[in-house]
Each structure stands twice: as structure tokens, then as C-alpha cells.
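Participant: Would you mind keeping the following structure in view while I ask a few things?
The values are calculated or read from the model by the stated rules, or taken from the named source; none is laboratory data. Being a predicted model, the structure only gives us computed values, none of them experimental. FYI the Cβ positions are ideal-geometry reconstructions off the backbone, even for glycines, and counts take in every protein chain you see. SASA here: full protein model, heavy atoms, side chains in, ligands and nucleic acids out. Shrake-Rupley method; radii C 1.70, N 1.55, O 1.52, S 1.80 Å.
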Amino acid sequence: MARAADALLLLSFGGPEGPDDVLPFLENVTRGRGVPPERLAEVAQHYLHFGGVSPINALNRDLIAAVERELAATGPRLPVYFGNRNWHPMVEDTLARMSADGIRSALVFPTSAWGGYSGCRQYDEDIVRARAAVGSEAPELVKLRQYFDHPLLVAAFADAIRTARDTLPAEHREVARLVFTAHSVPVSADAAAGPPSDGGRLYSRQVAEAARLCAAATGFDEYDVVWQSRSGPPHIPWLEPDIVDHLEALADKGFESVIVCPVGFVSDHLEVIWDLDNEAAEKAGELGLSFARAATPGTDPRFAEMVVELIGEHVRGVPPRMLGTVPGYGCTTDGAPCAVDCCAPQRRPSGR
């Protein structure tokens, strides 16, 4: 059933846009987690390596411009707003502006394709928090569904894999190992991801399904799914193997080239650039592996087209397009929300 909307809100993680922003931003990200100051200082150096600027805000502004062009061309004609969880523009401030502009209902596109707490439910919590901050005049907000297996997303990743393969030496292209990466999470958080009736592990299952679809679209019968960007204390089990450790294992098996596809990310933000273009690429060089990294889909025109198609599911009753067999959740054409007990937050480790 189609429903009206006055606007679209792009909701994202946020990132610093100058050296003075780095530590306050990291403090926002880690508030309540007991992360030691020395760990924050270590992570801060990753940002300062790039002048204290994360690419994520600029990439999101570019995406908004692309979505605005697509909406102007195909409709519906909606204004697009931008809000973040951890850095300016903060979602609370954006929602206050939307209310002042007369917006009464809006759809929310999160820059995460996944289920799980940090990939899905935390964005729901952002919405609740922002509406509470604005009060009774806050617009109604409906978050669009998970889109990990949308055909336009898969097609964009598939073309990026082909482009990356073509950058390898000719003799390595046909024998390169395809490796998919996504952000690691605690094993306990993954076990709790999804509605209890679905058996858990929704996040890792969706990542595996997206990898399967992308590999099939590019003709790879064999591939690996690994993880990156772990941030927790050593005694807390997280999803493994890590990409750097996996590169060592591939070299030990005699592989000479690798294509890394960050299937878990929609844009080339700092974790992608640091963990893959720096740490993983450096390790591959040490191991003598030819290394190619596929681009993320956020700058591909099909990504903006996908966003508008997701809007169309809600406001025009467009049938959802999903390629995979692993379930996805969120608001669909019937407006059904995620289960209230889906992906409950995990107890935060102390960081000791």
C-alpha cells in the first residue's frame, strides 16, 4: 500500500572534517563503551594521516546530489536532508530543521544495507532519539528496508570487481582469488542479529549472501568472505578471519594475486581506505601478492537509482526487487516494521 512522504532523510554515521574534529568525533562514537584514551589516540592517527578529514560526509553529499537528480528526473519530487549519528550535521539538528520547514513525514535511507544491531537497529534508535529531541512537532520517520541483495547494488559491485581485476597484471587476472570483506562485529552481536524466530546471525548470513550474488554475477565459482575493522578488546570474540591474516593464508597456499571487494560498505570512507588501501595493500606487497581493490558502489549512478526505487516501494507501491534467499527486514510496501525485539543491543565490553 502506497503512503505519502514529504521528504527523504539520508541518515549516516558521520565523520570529522578537520583535525580539531577528530577526538570529539571519536568520543561521540565510543561514548559509554569504556574505550581507553590511548586507544582513541591510536585511532585518531588514522584520521590525522588524512588531514583529520574522513571522506564520508563529502561522499554522502555527493550521493544526496545524485539522488536529487534522480528524483528530479523520475519523481517523486522530494527534498533530501542529511543527518548523522556521530558528527555534524547531527540528526537531531537536521530533524529540527525539517520540522521548521514544515515536513510532517519523511522516509529515511540509512547508509547501511544490513540487518543486525549496528547495521539496522541503531539507526532506528537514532530516529527515536532525534524525534524525542525535537518533541511533538517532529516529523514521522519511516526507515526504508535493508537492501543488501538489491539487483542494482549487486550489479554495481559486480562491475567494480571486473574493473579491479583488469588492473592486475594480465597473467594474474584469471587466477586471482576473490575476497569479500565486511565490518567485523562481536560474535555475540551477530548471534543476536535478526528476529529470534529467524535463528540469529542475520548480519553474517546477509553478508555471505551478498558475496555469493556478486561472485556469481562476475563468474567466480570460488571466493572467500572475511572481516575487517575490528575494534574490540582481544578477549572478546569477533567475526574472523581478519583480512590481513587471510592474505597471509592465501600466500601460504600459493596464490599470487587477490581482488578485494568491500561488499559490506557503500562508500570509500576511512575504514575502507585505511584498512584496505593501506594495511591490506601493504601486507599484500610484503607477501608478493598482486592486489586490486574493488570500488564501493556509492558513486555508481545505479546506487542513487536504487535509493529512488526503494522510495518508490513506499510511495508508489513498486514491488520490491530482491535477489537473495536470506531474509531482509524493514519497512516494505505494507509498512511492516522490524520486530520490536530484533537485534537487541549487546552489553558493551569495558575495553580493558
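Participant: From the list Val263, Val272, Val258, exactly one residue is part of a loop (DSSP other than H, G, I, E, B), modelled with pLDDT of 95 or more and of a type in the set (A, V, I, L, M). Which is it?
Facilitator: One residue alone meets the criteria, Val263.
Participant: May I pose another question? Any residue in the range 167-180 that is closer than 21 Å to Asp275 by Cβ, open to solvent by less than 40 Å² (accessible area, probe 1.4 Å), within 17 Å of the chain's Cα centre (by Cα) and not aromatic (Phe, Trp, Tyr)?
Facilitator: no
Participant: Something else about it: Filtering the range 104-118 down to residues that are open to solvent by less than 10 Å² (accessible area, probe 1.4 Å) and on the phi < 0 side of the Ramachandran plot, which residue is farthest from the chain's Cα centre (by Cα)?
Facilitator: Our first condition is that a residue be open to solvent by less than 10 Å² (accessible area, probe 1.4 Å); within the range 104-118, this holds for 106-110, 113, 115-116.
Add one more test, that the residue is on the phi < 0 side of the Ramachandran plot, and what stays is 106-110, 113, 115.
Working: Ala106: 21, Leu107: 18, Val108: 15, Phe109: 11, Pro110: 8, Ala113: 6, Gly115: 10 Å.
By that ranking, first place goes to Ala106.
Participant: Let me ask another. Please work out if Ser231 is more than 17 Å from the chain's Cα centre (by Cα), of a type in the set (Ser, Thr, Tyr), under 30 Å from Gly34 (Cα atoms) and open to solvent by 20 Å² or more (accessible area, probe 1.4 Å).
Facilitator: Spelling it out, it is not the case that Ser231 is more than 17 Å from the chain's Cα centre (by Cα), of a type in the set (Ser, Thr, Tyr), under 30 Å from Gly34 (Cα atoms) and open to solvent by 20 Å² or more (accessible area, probe 1.4 Å).
Participant: Which one is surrounded by the fewest Cβ atoms within 10 Å (Cβ to Cβ), of the residues in the range 127-144 that are free of Cβ contacts under 8 Å to residues at least 12 places away in the same chain and over 23 Å from the mean Cα position of the chain (by Cα)?
Facilitator: Across the range 127-144, the extreme among qualifying residues is Ser136.
Participant: Now for a separate question. For the structure I just gave you, tell me whether Ala193 is touching a Cys at 6+ places or on another chain (Cβ under 6 Å), closer than 17 Å to Phe148 by Cβ and either open to solvent by 40 Å² or more (accessible area, probe 1.4 Å) or touching a residue at least 12 places away in the same chain (Cβ under 8 Å) (or both).
Facilitator: yes
Participant: Quick one: which of Asp252, Asp221, Asp275 is charged (D, E, K, R) and touching a Ser or Thr at 6+ places or on another chain (Cβ under 8 Å)?
Facilitator: After applying the criteria, what remains is Asp275.
Participant: Here is a follow-up. Do we have Arg316 as more than 20 Å from the chain's Cα centre (by Cα), among the basic types (Lys, Arg) and at pLDDT 65 or above here? Before the answer, list the steps.
Facilitator: Numbers: more than 20 Å from the chain's Cα centre (by Cα): yes; among the basic types (Lys, Arg): yes; at pLDDT 65 or above: yes.
Judged against the criteria, Arg316 is a match.
Participant: Is at least one residue of the range 45-62 touching a His at 6+ places or on another chain (Cβ under 8 Å), touching a residue at least 12 places away in the same chain (Cβ under 8 Å), open to solvent by less than 40 Å² (accessible area, probe 1.4 Å) and β-branched (Val, Ile, Thr)?
Facilitator: Checking the range 45-62: at least one residue is touching a His at 6+ places or on another chain (Cβ under 8 Å), touching a residue at least 12 places away in the same chain (Cβ under 8 Å), open to solvent by less than 40 Å² (accessible area, probe 1.4 Å) and β-branched (Val, Ile, Thr).
Participant: Within the range 238-255, track down each residue that is under 23 Å from Phe148 (Cβ atoms), open to solvent by 10 Å² or more (accessible area, probe 1.4 Å) and not in a strand (DSSP E or B).
Facilitator: Leu239, Glu240, Pro241, His246
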